[in-house]
1. Per DSSP H run of at least 4 residues, take -39500 (n - 2.57); add these up for chain A, divide by its residues and hand me the 222 nm value, nearest 500 deg cm²/dmol.
2. Mind checking the mean number of beta-carbon atoms from other chains within 10 Å of the Cβ atoms in A:146-158?
3. Is there a quick way to get the dipole size of the protein assembly as shown? I mean about its Cα centre, with the Cβ of Lys and Arg at +1 and of Asp and Glu at -1; what is the value in debye to the nearest 20?
4. How many partner chain Cβ atoms sit within 10 Å of a residue's Cβ in peptide A:85-97, on average, as a whole number?
5. Starting from the stretch B:76-122, pick out the chymotrypsin sites (Phe, Trp or Tyr not before Pro) whose DSSP state is loop and whose Cβ has at most 13 other Cβ atoms within 10 Å.
6. List, in order, the whole-Hz ³J(HN,Hα) value for each residue of the stretch A:202-209 obtained from phi through the Karplus relation with A = 6.51, B = -1.76, C = 1.60 and θ = phi - 60°; use x for Gly and Pro.
7. Roughly how many Å² is the accessible area per residue of the stretch B:54-105, as a whole number, for a 1.4 Å probe?
8. Carbon-plus-sulfur fraction of the accessible area of the stretch B:91-219, 1.4 Å probe, in percent?
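The values are calculated or read from the model by the stated rules, or taken from the named source; none is laboratory data. Remember, it's a predicted structure, so these values are computed and weren't measured experimentally. In this analysis, Cβ positions are derived from the backbone assuming ideal geometry, glycine residues included, and neighbour counts consider all displayed protein chains. Calculation scope for accessible area: heavy atoms of the full protein, side chains included, ligands and nucleic acids excluded. Shrake-Rupley method; radii C 1.70, N 1.55, O 1.52, S 1.80 Å.
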Amino acid sequence: MSEAVIQINHLGKSFGKNEVLKDINFSVNKGEVVCIIGSSGSGKSTLLRCVNLLETPTYGEILYHGKNIQHSDQPVSKYRTKVGMVFQQFNLFNNMNVLNNCVVGQMKVLGRKRADAEERAKYFLDKVGMLQFVNAKPRQISGGQKQRVAIARALSMDPEVLLFDEPTSALDPEMVGEVLSVMKTLAGTGLTMMIVTHEMAFARDVAHRVCFMDEGVIVEEDSPQVIFGCPKHERTRQFLTRVLG
Amino acid sequence: MPDTFFGWVWFMFIKYLPLFLQGAGTTILIAVVGTVAGFIIGTLVAIVRTIPMHKKDHIVKKIVLKIARGILAAYVELFRATPMMVQAVLIYYGSLQYFGIDMPALLAGIVVVSINTGAYMAEIVRGGIISIDVGQTEGALSIGMTHWQTMLHVIMPQALRNIMPSIGNEFVINIKDSSVLSVISVTELFFMAKSSAGTYYKFFEAFVIACIIYFVINFTITRILLKIERKMDGPDSYVLGSQNMTAEEMKLILNKSIEGKK
C-alpha cells in the first residue's frame, strides 16, 4: 500500500437540512488516478469541492499527508496550491489573456519572477496544445480550448494532486476528446488525479480505481475492471446499465 | 449695446469669458476630484461590505466587521436619502459654527461631493463585485490566491470594467449637480453665470451660455469615457502564434496584441 496523499475520514456535508454527503471514508494514494462516477446529485462534486475546501465540511476531517487541513497552522490558500482544481465551467480569468491566466498565480502566490513564470506557463500551454493562443482572451477561444488552458493553469502551480470536477460536461461532444486526451497524457505522468466524470469509457481506460457514489455515500470502489465488469452492488449495476445503455 | 438675442449672448460671452472659464474650471475640478475620491471611498466601503464572514471566524473579527458594516450602511443610507444641497449647507456652516473649522467654500464643496458620490459609488461597486460570476472567485481560490489577491487581480478589474458606464453617469451627474454648491458660494459655473447676469440683467442669455458650456463639458467627458471602456475591452482579435515559436517570436506576438489595443 503506497502513501495516502489525501485521506478523508467520516466526512459529511449538509446544505441546510439537505444531507449531501454522509460519513465518507476515502483516500487517494500518490500517483493514483481515481474516477468518481454516479448520477447527478449523488454528491460527487461536493466531495471534490470539500477536498480543496471550496465547501466547508459539516463534520469529519480531511488529511493531507496525514495533517488535518482545517486545523493546520498554514493558511488554506497554501494547501490549495498543492491541490489544484479544474472546473466544469473552466473559470478562466476573463480579464487576462491565456498566458497571464497561467502566470498570475505563479507570480502572486508562489512569488516566481515573471520570466520564470512565463517559461513554466509556456511549457504547460505547449503540453496542452495551446501555446499558439497565448494572447487570446478566454472569450475568444472555444470551450475545449478553455478547458485545456485551465488544465495548464492548474499545472503551472506544480500541484501534487489535481482535482477535476466534470471537466468535459460543459463541452460540445466534438471537444470532449481533446480534453480527455490531455488528461490521459497527464495520468501517464504519475500525477495524482481525482476525477469526477460522466465519461465511462475514460474512467474504464484511465482510472486505477473507480468509485461509485449514490445519495451521498460511496456505494462501491474497486478497479475499473470490477466496477465495469461485474459490479457487486445492485445500484452500481443499475446506474451503469442506465448510462451505458 | 447689442439689440438681438444672439448679439447679447455673444456680448456676454466675450465680456465675461474669464468668469465663465474660471467657473467651468472649478466645476470640472470639483467633479473630477469628487468622482475620483468618491470612487475610492465607494470601493473601500463596498469591499468591507462584501468581506465574507464565516461561522468559524474569530469573535473579534466578527464584532469589528459587524460594527464597521453598520456604520457604513448608515453612511450610505444617510447620504443617499438627503439632498446634496442640504448636505453642503450643513457641512459648510455646521463645521464653522460647532467645530470651529473655517473651511474655504471650495474645499467644503469638494468634501460634500466626494462623500455624496462615495455613498452612491459604494452601491455601484458592490453591484459590480456581486455581478462577477462566483466561478471567477473559485478559480482564483483554487490556485491558492487569498481573498485580497482574488479581489485585486481577478474580481475588481472585471467589476471595474462592468461599472464604467455607471461611473461615467456619476461623473456627469457631478458636473451638473455641483451647481447646487452655489448655495455656499462656491464659484463654479452656475455661480459665475448668475454673477455675470447681474450687471445687465440678462439672466436668460447668461444661462444659455452656461447651458452650452455644461453640455460641451459633459459630451466631451462621455466620449473620453467611451474610449477608455473600449481600451479596457482590449482588441477584438488576437494574433495566432505557431506551435513551436521561439521566445522572441512569442514576445513579438504579445506586443502586437498590445498595439492592437491602441
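1. Per the formula, -11500 deg cm²/dmol.
2. That average works out to 1.
3. 600
4. 6
5. Sites meeting the loop and neighbour criteria: none at all.
6. Once rounded to whole Hz, the list reads 5, 4, 5, 7, 9, 5, 7, 9.
7. Per-residue value: 74 Å².
8. The nonpolar share, carbon plus sulfur, comes to 68 percent.
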